Amino acid sequence: MIELYTWGTPNGRKVSVMLEEVGLPYNVHKIDIGKGDQFTPTYVAINPNSKIPAIVDTDGFEGKAYSLFESGAILVYLAGKTGKLLPPTTRDKYTALQWLMFQMGGVGPIFGQVHHFIRAAKVEVPYAIERYVKEKDRLYGVLDRRLGDAPYLGGDEYTIADIATYPWVARYEWHKTDLSRFPNVKRWFDAIAARPAVQRGMAVPS
Ligand SMILES: N[C@@H](CCC(=O)N[C@@H](CS)C(=O)NCC(=O)O)C(=O)O
């Protein structure tokens, strides 16, 4: 059984979408990051970085419970555990991992800053808004060019790179992006949004 510690954010939903896609049974534990649940000693024992998501696989290595944080690492782990959604061939595997890292190091942090400065900042900071919106648009351009060359980020197959990126693009209204400006992203987004497992995973936690 996978114990999933999560909240209704893009990083959390990467993991619930993955669990729905691979069909592993899981229990959801809500960590309300608005209330500070991420800082309780019980949760810090699972994720010393006090962020969601985290998992505990009760059937980890050598039959013992194994806990893991960082959404990208969790996706790679679940792909390895199930043999799904990360191609086995060397070239396709590393291409998918490349786009996963692009999401972890670029899309997630930058879109997150756009959300913060547009929606949450206590004072308006035009310099920060301009900086992060410009970088967000540049990243959309990179995604759009890639998805003009291949149906999915990793290539011909739907992989954990797509699962990592989709929940961030799904917040396009939060970061005030008209997806019709990026037609290849829009085509990819609509295809992924239609997947029943994605719809179930995006509804977690209920
Ligand atoms: N690199 C981490 C980022 C995790 C992250 O930033 N989680 C946010 C929610 S999307 C969080 O827990 N924020 C609570 C806080 O910063 O106190 C991952 O991908 O797992």
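Every read-out reported here was derived from the displayed coordinates using simple, explicitly stated rules and does not represent laboratory data. Since the model is a prediction, treat every value here as computed from it, not as a measurement. For neighbour counting, all protein chains shown are included, and Cβ atoms are generated from backbone atoms with ideal geometry for every residue, glycine included.
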Taking a label point 7 Å from the Cα of Val125 along the Cα→Cβ vector, which residues of the range 74-109 have an amide N closer than 20 Å to it?
105-109
If I take R0 = 30 Å and measure r between the Cβ atoms of Ser206 and Thr90 in this structure, what FRET efficiency does the formula 1/(1 + (r/R0)^6) give, to the nearest 0.05?
0.15
Whole-Hz Karplus ³J(HN,Hα) for the range 37-47, in order, using 6.51 cos²θ - 1.76 cosθ + 1.60 and θ = phi - 60°, x for Gly and Pro?
4, 5, 9, 5, x, 4, 6, 4, 5, 8, 10
Determine the principal axes of the Cα atoms in the chain, then give the extent along each, sorted from largest to smallest and rounded to whole angstroms.
49, 44, 27
Computed ³J(HN,Hα) along the range 162-168: with the Karplus parameters 6.51/-1.76/1.60, θ = phi - 60°, integer Hz and x for glycine or proline, the list is 5, 5, 5, 8, 3, x, 6
If you average the alpha carbon positions of the range 131-177 and of the range 7-55, how far apart do those two centres end up, in angstrom?
23
With labels modelled as points extended 7 Å from the Cα through the Cβ direction, what inter-label distance (nm, one decimal) is found for Ala73 paired with Val142?
2.3
Could you go through the range 65-73 in sequence order and give the Karplus-derived ³J(HN,Hα) for each residue, using 6.51 cos²θ - 1.76 cosθ + 1.60 with θ = phi - 60°, rounded to whole Hz, and x for Gly and Pro?
5, 10, 10, 8, 10, 6, 4, x, 5
Residues in the range 76-94 that a label on Tyr66 would reach, taking backbone N under 14 Å of a point 7 Å out along Cα→Cβ
76-84
With the dipole of the chain worked out from charges on the C-beta (+1 for Lys and Arg, -1 for Asp and Glu) around the Cα centre, which of Met18, Ala150, Val185 lies farthest toward the positive end?
Val185
Below 8 Å between Cα atoms, with a sequence gap of 6+, how large is the relative contact order for the chain in percent?
26
Using only the alpha carbons of the range 10-105, determine the length spanned along each of the three principal axes and report them from longest to shortest in whole angstroms.
42, 32, 21
